[in-house]
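Read through the structure below, which is laid out as structure tokens, and then see the notes.
The values are calculated or read from the model by the stated rules, or taken from the named source; none is laboratory data. Treat the numbers as computed from the prediction; the structure is a model and nothing was measured. We place every Cβ from the backbone using ideal geometry, glycine too, and count neighbours over all the protein chains shown.
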Amino acid sequence: MFVKINRKQLKQEIRRGYIHVASTITMSVVMVLVVFLLGTFIIDHYKTIVVPKDIYFPRFTSIAKTHYSSVYLFHRHSLYSPSLTRVMEFTDSTGLVDLWHTISDEELMEKAIRVPRVSEDPKKVAFMFLTRRSLPLRSFWEKFFEGHEDLFSIYLHTSPDFNYEPPNSSVFYKRRIPSKHVQWGKPTMIDAERRLLANALLDFSNQRFILLSESCIPLFNFTTIYNYLMNANQSFLSSFDDPRKIGRGRYNKQMGPTITLKDWRKGSQWFEANRELAHEIISDKMYYDVFQNHCLPPCYMDEHYLPTLVNKVRSDLTTNTTVTWTDWSGGGSHPMTFAKKDITEVFINQVRYGSKCTYNGANSSICFLFARKFHPSTLEPLLKMAQMVFGFGP
Ligand SMILES: *[C@@H]1O[C@H](CO)[C@@H](O)[C@H](O)[C@H]1NC(C)=O
Ligand SMILES: *[C@@H]1O[C@H](CO)[C@@H](O)[C@H](O)[C@H]1NC(C)=O
Ligand SMILES: *[C@@H]1O[C@H](CO)[C@@H](O)[C@H](O)[C@H]1NC(C)=O
Ligand SMILES: *[C@@H]1O[C@H](CO)[C@@H](O)[C@H](O)[C@H]1NC(C)=O
Ligand SMILES: *[C@@H]1O[C@H](CO)[C@@H](O)[C@H](O)[C@H]1NC(C)=O
């Protein structure tokens, strides 16, 4: 009862707040438009391009309040940038982005490499799903995304013969990218990841890029995950030196001198990258070729290529850890899969808060934002807990 009343009051407060914010925004928009038109005129006149350097690594203290600030409105309207027109080729006549295209992987990479490393309007997280067929936990994800449409983009890489579309009301509707056959652990898997990254890089507003599988779930509500990723000053790409046979033992001397045993790293496939790191990944050809030729079973490219690459080219960009939790405690080469009976509030909270790590240099008990592997049978209990445990808004 007490809680309900408080919620009502809170809602009213929030509504009042919104009205206030809305009027402030309207005012700002008008002012910004005037400044913008003036600016465009001047820039046009002198044919110079203003590249806003200060938005390189956004250090938002409060995302929810600042992402509509006039600064970003200005950037969003800076359509005079010539590079943007290249990206616009992917929009249809109504101005909506159509992810389906017919260009080759090579052309796609070239296009993506030409897109600036610095996002002009850094406000979206790109959720890249690498799946075989449909997403069994789709309705749980839909609840997660609900109400945050401006702040994310979704990309699906599926089996090429899979052409099912969810209902047009779904956030997953028409989000498949042209896909090719993938073999687990083989270079074709890396190709799929690069394809996802390249497609996502074409959208200027994507700032963080997270790779997910069909058995992944989000561990927190959208706001929490969004703020965690957007405020992080490094990416979460796992990379470590494993002295064992299943680590260093997979190094092949023929990879030298390009890649030495000292460079060799291992890590989880499920990475998160910021725009700059995403750019580095799709730009690499040299290390990719070495891996393609010399990382053969029992060497698996998805476990070593990105960890080694990032160590070689930009080790400052990653925390060397992943934000996707996996339970390897069962031993063997496959992680635990969780089923319906495992899904309890205690278990979920254990996964959420049961670890210690550092976040932007400070101690944190939130180390994981996503978890795998969740069997399709977990959908029902997860949906039941969506609001109370996960805090997904109605
Ligand atoms: C969405 O699908 C429904 C039912 O299939 C259809 O009636 C409607 O016109 C569609 N809306 C759009 C915008 O395509
Ligand atoms: C990640 O690993 C690289 C290479 O091993 C190291 O140089 C870097 O300092 C590590 N980064 C962090 C945040 O620990
Ligand atoms: C990230 O932020 C923390 C806290 O401000 C700082 O201590 C740390 O050096 C930063 N790391 C990088 C790589 O910028
Ligand atoms: C962070 O955790 C480490 C070890 O868990 C501890 O030694 C250190 O004092 C903690 N730092 C802060 C600022 O709490
Ligand atoms: C999201 O979760 C956080 C922390 O669990 C909570 O404080 C916040 O109110 C939630 N946000 C929404 C919109 O439900």
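List of remarks:
- Residue satisfying condition, being under 24 Å from F144 (Cα atoms) and at pLDDT 95 or above, within set I217, I190, I177: I217
- Which listed residue, of F172, F162, F209, is surrounded by 15 or more Cβ atoms within 10 Å (Cβ to Cβ), more than 16 Å from ligand 2 (Cβ to nearest atom), touching a residue at least 12 places away in the same chain (Cβ under 8 Å) and in a loop (DSSP other than H, G, I, E, B): F172
- Residues being out of contact with any strand residue (DSSP E or B) (no Cβ under 8 Å at 6 or more places or on another chain) and more than 16 Å from ligand 1 (Cβ to nearest atom) - total across the stretch 164-188: 9
- Test: residue in the stretch 247-265 that is assigned to a loop (DSSP other than H, G, I, E, B) and over 18 Å from L309 (Cβ atoms): no
- Residue within the stretch 276-285 that is within 14 Å of ligand 2 (Cβ to nearest atom), closer than 30 Å to E120 by Cβ and outside any loop (DSSP other than H, G, I, E, B) present: yes
- Residue in the stretch 364-378 that is without any contact (Cβ under 8 Å) to a residue 24 or more places away in the chain, touching a Cys at 6+ places or on another chain (Cβ under 9 Å) and more than 20 Å from I210 (Cα to Cα) present: yes
- Residue that is nearest to ligand 4 (Cβ to nearest atom) [pool: residues in the stretch 143-159 that are crowded, with 18+ Cβ neighbours inside 10 Å and more than 15 Å from I210 (Cβ to Cβ)]: K143
- Scanning the stretch 267-319 for residues that are crowded, with 18+ Cβ neighbours inside 10 Å, within 16 Å of ligand 3 (Cβ to nearest atom) and over 14 Å from E193 (Cα atoms) gives N274, R275, V310, N311, T318, T319.
- Whichever residue in the stretch 348-373 is over 18 Å from P218 (Cβ atoms) and polar (S, T, N, Q) and, among such residues, is surrounded by the fewest Cβ atoms within 10 Å (Cβ to Cβ): N363
- None of T318, T322 is more than 16 Å from ligand 1 (Cβ to nearest atom) and out of contact with any helix residue (DSSP H, G or I) (no Cβ under 8 Å at 6 or more places or on another chain) except T322.
- Of the residues in the stretch 246-254, not one is in the same structural domain as S205 (by TED's automatic domain parsing), within 16 Å of ligand 3 (Cβ to nearest atom) and not aromatic (F, W, Y).
- In this entry, H294 passes the filter for residues that are over 18 Å from P218 (Cα atoms), assigned by TED's automatic domain parsing to the domain that holds Y228 and more than 16 Å from ligand 2 (Cβ to nearest atom).
- Matching option when the condition is closer than 30 Å to S134 by Cα and modelled with pLDDT under 95, among L296, L237: L296
- Residue selected from the stretch 336-363 under the condition touching a residue at least 60 places away in the same chain (Cβ under 8 Å) and more than 15 Å from A232 (Cα to Cα), by the criterion nearest to ligand 3 (Cβ to nearest atom): R352
- Listed conditions (1) under 20 Å from A126 (Cβ atoms); (2) within 16 Å of ligand 2 (Cβ to nearest atom); (3) crowded, with 19+ Cβ neighbours inside 10 Å are all met by N233, apart from (3).
- Hits in the stretch 174-204 - residues which are out of contact with any Ser or Thr (no Cβ under 7 Å at 6 or more places or on another chain) and farther than 21 Å from E303 by Cβ: K174, R175, I177, P178, A198, N199, L201, L202
- Residues of the stretch 356-394 satisfying the condition of being within 16 Å of ligand 2 (Cβ to nearest atom) and more than 14 Å from T224 (Cβ to Cβ): K356, C357, T358, N360, G361, A362, N363
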